[in-house]
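Visitor: Let me give you the structure first, and then I'll get to my questions.
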Amino acid sequence: MRFSGKTVVITGAASGIGLESARLFAREGATVYASDINDAAGAELEASSEGVIRYQHCDVSSTDDIKALMDRAGSETGGIDVVFNNAGAGGAREKIHEIEPADWDRTMDLLLRAVAFGIRYAVPHMKGRPGASFVNVSSVAAVGPGYSPTAYAVAKAGVLHLTKMAAADLAQFGIRVNAIQPGFINTNIFTSSLEIPEEQKAMAKGVIAQMSSNAQPVKRGGQPADIAEACAYLASEAAGFVTGTSLIVDGGITIGPRESWDEDSPRMFDALEKMEEAAKQADS
Ligand SMILES: NC(=O)c1ccc[n+]([C@@H]2O[C@H](COP(=O)([O-])OP(=O)(O)OC[C@H]3O[C@@H](n4cnc5c(N)ncnc54)[C@H](O)[C@@H]3O)[C@@H](O)[C@H]2O)c1
């Protein structure tokens with residue numbers, strides 16, 4: 001029960017990583033304010049919880065909604081101990097030479113401005129709370145190209161820098177700020193914005209589950225619980241000396257090119273060694 005007596009606010013808590021985290025914090029004793037735009041799933045979470053979970057509608061693209069969420073959590077419980085800035089979606093899919101200003105802004109508001117104001121409006125309720133901390137969701141997409149569309153990757157890289165700046169700004173209040181960079185995690189994020197019939201979405205999820213099981217050195221698919229556990233660690237007393245940093249939880253997907261960890265992947269050096277061998281045989 002690492003979070004007994006603590007108040008935890010989670011955005012994007014109706015699905016995937018946020019949902020699993022809400023359950024984990026509630027199981028471990030916290031009063032959880034779970035928020036999302038999917039009110040039906042939010043109500044289900046509230047009704048089926050093992051501990052105390054209170055659902056509130058909050059579109060993180062709206063700073064008014066974010067403020068209302070933080071104010072409610074703070075005023076009902078006397079203060080906030082943990083904020084998990086998690087809500088997100090894939091955002092605009094266009095490349096930089098095709099993206100429109102409104103789509104760029106929509107993606108930045110959802111993925112970067114929401115985190116900034118999730119911090120901004122929670123801090124008044126976190127001052128004076130021992131061990132208070134933020135955990136912000138970035139992504140392996142912040143490492144570089146190849147993991148997501150451009151605007152998403154840029155926003156997630158921004159979350160890393162925001163995390164450092166906020167950790168510096170809030171050190172005076174004893175508030176820690178950290179980020180998590182999930183790898184390929186089996187959630188609805190890959191299918192929720194697809195404009196295809198529901199049954200095809202179910203098939204697409206099956207394909208994604210299959211792909212994710214061998215996409216990285218750890219030989220299984222990433223699960224929401226993998227990220228929820230990392231979030232709980234960063235928010236707990238065990239991470240009391242950890243601030244301004246990011247924890248990559250990706251089964252090793254970012255450690256290097258596939259040929260460095262996959263024995264079955266074609267290797268450049270194998271081809272060169274074969275040429276060398278052939279040359280030796282020709283000489284002898
Ligand atoms: N799944 C992955 O592989 C992966 C990898 C790296 C980072 N992430 C990040 O993890 C976070 C959680 O994503 P997930 O994978 O659990 O996806 P998910 O689709 O399962 O859950 C995202 C939740 O956010 C909610 N949401 C979307 N727009 C919102 C808005 N404007 N306001 C409030 N809530 C909103 C959705 O309704 C949904 O419940 C996101 O920030 C995502 O970018 C996911």
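Every number in this text was worked out from the coordinates using simple rules, so none of it is lab data. These numbers come from a predicted model, not from an experiment. Methodologically, a virtual Cβ is constructed for each residue, glycine included, from the backbone with ideal geometry; neighbour enumeration extends over all protein chains shown.
Visitor: Per the Kirkwood treatment, what hydrodynamic radius in Å, one decimal, follows for the chain from the mean inverse distance over all distinct Cα pairs? List each step's numbers first, then the result.
Guide: Details: mean 1/r = 0.0500 Å⁻¹.
By the Kirkwood definition, the hydrodynamic radius is 20.0 Å.
Visitor: Given an 8 Å cut-off on Cα distances and at least 6 residues of separation, report the relative contact order of the stretch 7-253 as a percent. Spell out each step's value before the answer.
Guide: On the way: 515 pairs, mean separation 48.3, N = 247.
Computed value for the stretch 7-253: 20 percent relative contact order.
Visitor: Next question, about the same structure. Around residue 249, which amide H atoms from residues at least 5 apart in sequence, or from another chain, sit under 5 Å from its own amide H, with H modelled in the peptide plane?
Guide: Sorted by chain and number, the residues that satisfy this are 181, 183.
Visitor: Further question on the same structure: In whole Hz and in residue order, list the ³J(HN,Hα) couplings for the stretch 169-185 that follow from phi through the Karplus curve 6.51 cos²θ - 1.76 cosθ + 1.60, θ = phi - 60°; x for Gly and Pro.
Guide: Once θ is set to phi - 60°, the couplings for the stretch 169-185 become 4, 9, 4, 4, 9, x, 9, 8, 9, 9, 10, 10, 10, x, x, 8, 10 Hz.
Visitor: Once Rh is set to the Kirkwood radius over Cα pairs, what Stokes-Einstein translational diffusion coefficient, in µm²/s, holds for the stretch 181-284 at a temperature of 10 °C and a viscosity of 1.306 mPa s?
Guide: Working: Rh = 17.2 Å.
In µm²/s, the coefficient is 92.
Visitor: Also, I was wondering about something else. Among 246, 48, 15, which one moves the most in a GNM of the chain with springs linking Cα atoms closer than 10 Å?
Guide: The residue with the greatest mean-square fluctuation here is 48.
Visitor: Helix-only estimate, please: 222 nm mean residue ellipticity of the chain, summing -39500 (n - 2.57) across DSSP H runs of length 4 or more and dividing by its residues, to the nearest 500.
Guide: Computed mean residue ellipticity for the chain: -13500 deg cm²/dmol.
Visitor: Output wanted: per-residue J couplings in Hz (rounded whole) for the stretch 277-283, from phi through Karplus 6.51 cos²θ - 1.76 cosθ + 1.60, θ = phi - 60°, x for Gly and Pro.
Guide: The phi angles translate into 4, 4, 5, 4, 5, 5, 5 Hz.
Visitor: Note down the nm distance, to one decimal, between modelled labels 7 Å out along Cα→Cβ at residue 75 and at residue 261.
Guide: 4.8 nm
Visitor: While we're here: Pick from 171, 26, 89: which residue has the top mean-square fluctuation in a GNM of the chain where Cα pairs under 10 Å get a spring?
Guide: Looking only at 171, 26, 89, the largest GNM fluctuation is found for 171.
Visitor: At 1.567 mPa s and 4 °C, plugging the Kirkwood radius over alpha-carbon pairs of the stretch 4-84 into Stokes-Einstein gives what diffusion coefficient in µm²/s?
Guide: 108 µm²/s
Visitor: How far is the Cα center of the stretch 97-149 from the Cα center of the stretch 1-39, in Å?
Guide: If we compute the Cα centre of each part, the gap is 18 Å.
Visitor: For a label point 7 Å from the Cα of residue 50 along Cα→C-beta, name the residues of the stretch 1-30 whose backbone N is under 11 Å from it.
Guide: Only 1, 23-29 pass the distance filter.
Visitor: Next question, about the same structure. Considering only the other residues whose Cβ falls under 10 Å of the Cβ of residue 259, what net charge follows from Lys and Arg at +1 and Asp and Glu at -1?
Guide: Values: positive: 258, 267; negative: 262, 263, 264, 270.
Every neighbour counted, the sum reads -2.
Visitor: Still on this structure, please answer the following. Please work out the C-alpha center-to-center distance from the stretch 169-214 to the stretch 224-252 and express it in whole Å.
Guide: Distance between centres, Cα-based: 16 Å.
Visitor: Moving on. Placing +1 at every Lys and Arg Cβ and -1 at every Asp and Glu Cβ, with all other atoms neutral, what dipole size does the stretch 7-253 have around its Cα centre, in debye to the nearest 20?
Guide: Details: 19 positive and 27 negative charges, 144 e Å.
Result for the stretch 7-253 is approximately 700 debye, rounded to the nearest 20.
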